[in-house]
Amino acid sequence: MKRASRFLAPIVGLVVFFVVWEAFVRVFDIRPFVLAKPSDIVHYLIRFADDYFRASLITFKHAALGFAISVVVALAIGAGMASSTFFEQATQPVLTLIAVTPFAAYIASVKIGLGLFSDKPVVFIVALVCLPAFAFASADGMRSADPSSRELLASVDASRWEVLWHLRLPSALPSLFTAAKYNTGLALIVAYLAEGGTGGLGEIGARAIAGNQGDRLWAAIFSMAILGTICLVLLNLLQRAVMGWHASQRSQMS
C-alpha cells in the first residue's frame, strides 16, 4: 500500500496542478505569451517533438558536463578545505564570491572569450556556478567523518588517499547528494540561459521571445521541466544505489 501511494501521490498532485492551471487560463482568458494552457503546450510539443527532443539532448549535455566537472573540482577543493584550516580560510571568500556574483552578468564575456557558438562557454559557466555548493558540501561532509574511524585508520598507518577513499568520501556522500539535487536545477537553468547559438532549448526560448511566439516559448519551458524531472529521478535512483548502506535510504526502502 505504501509503495502504491508513493507512485500515486505525485501523479495526483501533477494532475490537480495542471487542471487548475488549465482552468485558470481559460477562466481569466490570459494571453498565450503570458501563460499558455497546458493542453496547447502539449499539442505544440507533439507537433515539433523531434526538434524539442534534439534541443533537450543538447541542453542535457551542457548541464551534465558542467555538473560533472564541478563535482570533480569540488571534491579536490573540499578535501583540501577539510584537511587544512589555512586552505579553507583562503578558499571560502573565493567560493562565496563565485556564489553571490550573478552569472547572467558575465555570460556574454565568457562566450566572447571561449567562442560565441561553441559548447565550451556553456559548460564552463555551468561548472563555475555549481562549484561553490559542491565544494562547501564536500568539505563539511568530509570534516564530519567519524573521529573513532579516523583514529582507527591512523593506528594502522593508513595513507591520506586511503583515509579519503574509505572514510572521508563516504562521509561526504549525504551532503554531496543534497547539493546535487540543488545543483541539478541550477545547472539546467544556467545552460538554458547561456546556450544561445548552440541549438539547445535556450536558443529556442530566446528566439521565441524575440519573435513573440508564446507556444514555442512555453514548449521550451515545458521541455526544461520534463528534463529537470527526469534528471532528479535519475539522481534519486543513483543515490539509492550508492547509499544503500545509509540510514536515510534504508528508511525509505522499508
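The values are calculated or read from the model by the stated rules, or taken from the named source; none is laboratory data. For clarity, every value in this text was computed on a predicted model and none was experimentally measured. Methodologically, a virtual Cβ is constructed for each residue, glycine included, from the backbone with ideal geometry; neighbour enumeration extends over all protein chains shown. What goes into the accessible areas is simple: the full protein's heavy atoms, side chains included, and nothing from ligands, DNA or RNA. Shrake-Rupley method; radii C 1.70, N 1.55, O 1.52, S 1.80 Å.
Within the stretch 189-208, restricting attention to residues that are in a helix (DSSP H, G or I) and open to solvent by less than 10 Å² (accessible area, probe 1.4 Å), the residue that is nearest to Y106 (Cα to Cα) is A194. Residue pairs whose Cβ atoms lie under 8 Å apart, separated by 6 or more positions or on different chains, with the first residue in the stretch 156-185 and within 12 Å of A82 (Cβ to Cβ) and polar (S, T, N, Q) and the second modelled with pLDDT under 65 and open to solvent by 30 Å² or more (accessible area, probe 1.4 Å), are S171/D146.
Pull out all pairs, ordered by first then second residue, where Cβ-Cβ is under 9 Å, the residues are six or more apart or on different chains, the first lies in the stretch 11-39 and is within 24 Å of T229 (Cα to Cα), and the second is open to solvent by 100 Å² or more (accessible area, probe 1.4 Å) and part of a loop (DSSP other than H, G, I, E, B). The qualifying pairs are F33/N212. When S223 is tested against the conditions (1) surrounded by fewer than 20 Cβ atoms within 10 Å (Cβ to Cβ); (2) modelled with pLDDT of 90 or more; (3) under 18 Å from V34 (Cα atoms), the lone failure is (1).
Applying the criterion of at least 1 residues that are open to solvent by less than 40 Å² (accessible area, probe 1.4 Å) and at pLDDT 95 or above to the helices (runs of 4 or more DSSP H) found wholly in the stretch 1-93 leaves 49-83. Taken together, I112, I98, I125 contain a single residue that is on the phi < 0 side of the Ramachandran plot, loosely packed, with under 12 Cβ neighbours inside 10 Å and either part of a helix (DSSP H, G or I) or not hydroxyl-bearing (S, T, Y) (or both), which is I112.
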